[in-house]
Amino acid sequence: MRGKTFPVGGIHPPHFKEATEKKNVKPAQIPAKVVLPLQQHIGAPCEPLVAVGDTVKVGQKIADSKGFVSAPIHASISGKVVAIEPRPHPNGTNVMSIVIEGDGENNIWEGVKPYGNYKELSPDELRKIFREAGLVGLGGATFPTHVKITPPEGKKVETVILNGAECEPYLTADHRLMVEHPEDVVEGLRILMHVLGVEKGYIGVENNKEDAIEALKNVVGDDTSIEVVSCEVKYPQGAEKQLIKTILDREVPSGGLPLDVGVVVNNVGTAATAANILKTGMPLIERIVTITGSGVKDPQNLMVRLGTMFSDVIDQCGGFEGKPGKIIMGGPMMGLAQHNVDIPVIKGTSGILVFNAKEAKKYAPTTCIRCARCVDACPMSLMPATIANYALKDLIDVSEEYDALDCIECGCCSYVCPAKLPLVHAIRYAKAEIAARRRK
Amino acid sequence: MQLEKLIVSSSPHIRSGETVQRIMFDVVIALIPALIASIIFFGLRALLIVILTVVVCIAAEAICQKVLNKPITISDGSAIVTGILLAFNFPPTVPLYIPIVGGVLAIVVAKQIFGGLGHNPFNPALAARAFLVASWPAQMTNWINPDGSSAATPLGLMKLEGIATPYWDLFIGNIGGCLGETSALALLIGGAYLLYRGHIDWRIPVGYLGTVAVLSLIFSQDPLFYLLSGGLMLGALFMATDMVTTPITKRGRLVFGIGCGIITVLIRLFGGYPEGVSYSILLMNALTPLIDRYTKPRTFGKKVIKNA
Ligand code: SF4
Ligand code: SF4
């Protein structure tokens, strides 16, 4: 079946979703220990509000920042703070983290109370609630939600789009959420529309998830303000700019934001969590994670408390199948390869993907044969071979003229390259260099 | 937990199954129908010439890389492709020293000196052919008919004597000419395979053949004859679509095809040679970097196309 899609570029990698797409989300065990990094979002890192030795309860705010672009951190288990020190973070560095040892009781903090119906709350009250709840974009970008739904003076928002494309191969967390809790997703969308005062909302879903589309349509019923859009299965259908182009045929200007075309895009998981926050008052302390890949014995979708170690989560999926060769946080196209499994699940962990030693390949790059596959695959209409070539020659100015900064790092170019050139890697380097030069 | 030997590399972590080797292999497959046609029409000597040229190309590549102290990459298959394409440009009567000289020229001078696969500005087979035609004009144009009688090519007949060849003979390749260029049918089958496999962009052959057809009409020539004769099919489907030496942008590839078409017709009509395919492609090869530069696609989210 054909659905709507964006007009240029894109690729069709195998889905690899079979292992988990039909498995209900199960609650993971409550871990005996959590490590909560003070930076799990884009923006200013938090400062701890607790000290070593303090006891904390589930949902209690334990770190916050004065910055507007930031999101507080909450205890995801009850117990005692045993350390506040730098710990390995999925981003590859050591980040100041609060370590809590659990008391096995799951005591809920007294401040956790339902907020009630969104219709009785003003947009500003809701923004404050979501900020206090530490809500960020759960698709992986982790941009603080309250900032996203606070359009600057003079910018008019007309549309809210929920991203349920889940175009990354392997991942099924959003898929399961939409199938199992479509009412939360739709409620979340209504809340976001209410906050932004818009009349029209869309949910974009790739049409390899027919059951999710059905479920959402059932909940929406005859509410004409919300439309469930069936999108073609094409990576990167869920990239913000491509999704807006698909649904509204609007192009976010180069260097601009969806706001510039009157749109706010949120992940379906973020919306559902927003709805739950109002319902229960519980801030963001857990998320759905897809644990899958050839290196996992029993792939699962689990509801995992933030701060749970990757090793714990993998153990609950039967442990490793064979020798692990590569461990990735997120999907195979844009995820981050990890050095080990002693790192915590954070707000942006949509998946834990394990390749066994056989599947984890190192690709030996040869030379560019100018086959133009990368050009044809680029959803931003860039010339990846050319940009990468100039970047490697350190002709950063030229790579900038070829619009290196417009690259969304989707990985399509590297994926299709028959010479197995690390194009995105080279383009990232160019982008970093350009940014560094601008700061000077 | 201590895990050894985890690979930590940057995304993406999966890659398509396409490899350079696979692409070259596919091009070889696509050339097989034309090879069979040449054996049918010109006999086993055609096969001998092709094998000889391929062997020379592979050997030249290996020796050259050895001497230059570079990794030997003959397994990528590109020398085989060059060898077949070059052989297809020889008349069936060609003396055997010409394929040897030609293979060395194509690989050493036209390819390795520029840095090897991916770096050569000109199609190696065509560059070598141009040199050979200039050096041994008689041997490179000593045509015979499939029955062995000496003959001129249909283009030569038309240009010099005004004699037309029947379309059917032109289409299946029952005519005088170079080994691989005569059977339009066989070449089209191969070209269709490459299109299907996504190894060539329709814009080049369609732009090329379309332009030739339109221009021949304008200059009141017979377009069907123009399309089927000479090296046009071989050139438009296999030489002008050579990835390394043609533009990487979509608009650029269309421009490239149209440019080849214009030059070909101009040479055929006004030039000293009856044929114009190789020179037009070589000329457009030279313009490829420029074409790429001025046909940069419009970046998503930018209003105007800014040329870099
Ligand atoms: S990673 Fe960048 S250059 Fe490569 S395809 Fe995606 S947007 Fe284009
Ligand atoms: S896909 Fe790879 S080989 Fe092909 S043009 Fe791009 S960089 Fe070169």
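The values are calculated or read from the model by the stated rules, or taken from the named source; none is laboratory data. These figures come from a predicted structure and were not determined experimentally. Here the Cβ positions follow ideal geometry from the backbone for every residue, glycine too, while neighbour counts run over all protein chains shown. All accessible areas refer to the heavy atoms of the entire protein, side chains included, with ligands and DNA or RNA removed. Shrake-Rupley method; radii C 1.70, N 1.55, O 1.52, S 1.80 Å.
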Report for the protein assembly as shown the percent antiparallel among DSSP-assigned beta bridges with both residues inside it, nearest 5. 60 percent
What is the Cα convex hull volume of the stretch A:373-439 when expressed per residue in Å³? 65 Å³
Heavy-atom accessible surface that A and B bury in contact, both chains counted, 1.4 Å, Å² to 100: 4800 Å²
In a Gaussian network model over chain A where Cα atoms closer than 10 Å are linked, find which of A:106, A:163, A:276 has the largest mean-square fluctuation. A:106
For residue B:70, solvent-accessible area (1.4 Å; no DNA, RNA or ligand), Å²: 70 Å²
Across the stretch A:174-183, in residue order, what do the Karplus-derived ³J(HN,Hα) couplings come to in whole Hz, using 6.51 cos²θ - 1.76 cosθ + 1.60 with θ = phi - 60° and x for Gly and Pro? 5, 4, 5, 4, 5, 6, 8, 9, x, 5
Once phi is turned into ³J(HN,Hα) by the Karplus curve 6.51 cos²θ - 1.76 cosθ + 1.60 with θ = phi - 60°, what whole-Hz value does each residue of the stretch A:97-103 show in order, with x for glycine and proline? 9, 9, 9, 10, 9, x, 9
In the stretch A:316-376, which trypsin sites (Lys or Arg not before Pro) fall in coil by DSSP and have 12 or fewer other Cβ atoms within 10 Å? A:358, A:362
Per residue, how large is the accessible surface of the stretch B:20-293? Use a 1.4 angstrom probe and give square angstrom. 39 Å²
Mind jotting down the distance between the C-alpha centroids of the stretch A:99-163 and the stretch A:371-440, whole Å? 35 Å
Largest first and to the nearest Å, give the Cα extent of chain A along each principal axis. 63, 51, 49
Residues with amide H under 5 Å from that of residue A:98, placed H, sequence gap 5 or more: A:36, A:38
Based on Cβ point charges of +1 for Lys and Arg and -1 for Asp and Glu, what charge dipole magnitude is obtained for chain A about its Cα centre, in debye rounded to the nearest 20? 940 debye
Once both label points are put 7 Å beyond Cα along the C-beta direction, the residue A:395-residue A:68 separation in nm becomes 4.2 nm
Could you point to the residue in B:94, A:268, B:240 farthest towards the positive end of the protein assembly as shown's charge dipole, with +1 and -1 charges on the Cβ of Lys/Arg and Asp/Glu respectively? B:94
Do any trypsin sites (Lys or Arg not before Pro) in the stretch B:1-63 lie in a loop, going by DSSP, with at most 14 other beta-carbon atoms within 10 Å of their beta carbon, and if so which? B:5
Links exceeding 31 Å between C-alpha atoms in this model, out of A:209/A:245; A:297/A:420; A:148/B:250; A:26/A:217; A:279/A:326; A:33/A:431, come to A:148/B:250; A:279/A:326; A:33/A:431
Under-5 Å amide H pairs with residue A:229, H placed in peptide plane, nonlocal only: A:203, A:204, A:205
Ratio of the Cα radius of gyration of the stretch B:1-144 to 2.2 N^0.38 Å, where N counts its residues: 1.29
Cut-off 10 angstrom, C-alpha nodes, Gaussian network model of chain A. Which of A:378, A:46, A:368 fluctuates the most? A:368
At q = 0.12, 0.19, 0.21, 0.24 Å⁻¹, what log₁₀ I(q)/I(0) does a Debye calculation on the Cα points of the stretch A:1-60 give, no solvent, two decimals? -0.72, -0.97, -1.05, -1.18
Any idea how far apart residue A:361 and residue A:194 come out in nm if each label point goes 7 Å out from Cα toward Cβ? 5.1 nm
Heavy atoms only, probe 1.4 Å: what % of the accessible area of the protein assembly as shown goes to carbon and sulfur, would you let me know? 60 percent
For chain B, the longest principal axis of the Cα atoms and the Cα long axis of helix B:277-294 enclose an angle in degrees, to the nearest 10, of 30 degrees
Cβ-defined net charge surrounding residue A:303, 9 Å radius [Lys, Arg +1; Asp, Glu -1]: +2
Of B:145, B:73, B:285, farthest towards positive along the dipole that unit charges on Lys, Arg, Asp, Glu beta carbons give the stretch B:20-293: B:73
Summing +1 for each Lys or Arg and -1 for each Asp or Glu, what net charge is found among the other residues whose Cβ lies under 9 Å from the Cβ of residue A:253? 0
Compare the Cα positions of B:157, A:121, A:239 along the charge dipole of the protein assembly as shown (+1 at Cβ of Lys, Arg; -1 at Cβ of Asp, Glu; about the Cα centre) and return the one farthest towards the positive end. B:157
For the stretch B:20-293, take N as its residue count and report Rg(C-alpha) divided by 2.2 N^0.38 Å. 0.93
For chain A, what does the relative contact order come out to in percent, with C-alpha contacts under 8 Å and a separation of six or more? 19 percent
Taking the stretch A:304-436, the equivalent ellipsoid from its C-alpha gyration tensor has semi-axes in Å, biggest first, of 33, 17, 12
If one builds a Gaussian network model of chain B from Cα atoms under 10 Å apart, the most fluctuating residue listed among B:98, B:281, B:204 is B:98
Taking only C-alpha positions in the protein assembly as shown, Rg and Dmax in angstrom work out to 31.3, 103
For the stretch A:360-432, give the magnitude of the charge dipole about the Cα centre (Cβ charges: +1 Lys/Arg, -1 Asp/Glu; no others), in debye to the nearest 20. 540 debye
Whole-Hz Karplus ³J(HN,Hα) for the stretch B:251-267, in order, using 6.51 cos²θ - 1.76 cosθ + 1.60 and θ = phi - 60°, x for Gly and Pro? 4, x, 5, 5, 4, 4, x, 5, x, 4, x, 4, 5, 4, 5, 4, 5
Taking the alpha-carbon centre of each part, the distance from the stretch B:254-306 to the stretch A:244-323 in Å is 48 Å
Pull up all non-local amide H partners of residue A:352: gap of 5 or more, or a different chain, and H-to-H distance under 5 Å with H placed in the peptide plane. A:290, A:291, A:292, A:330
For the stretch A:160-256, with only Lys/Arg (+1) and Asp/Glu (-1) charged at the beta-carbon, what is the dipole magnitude about the Cα centre, in debye rounded to 20? 360 debye
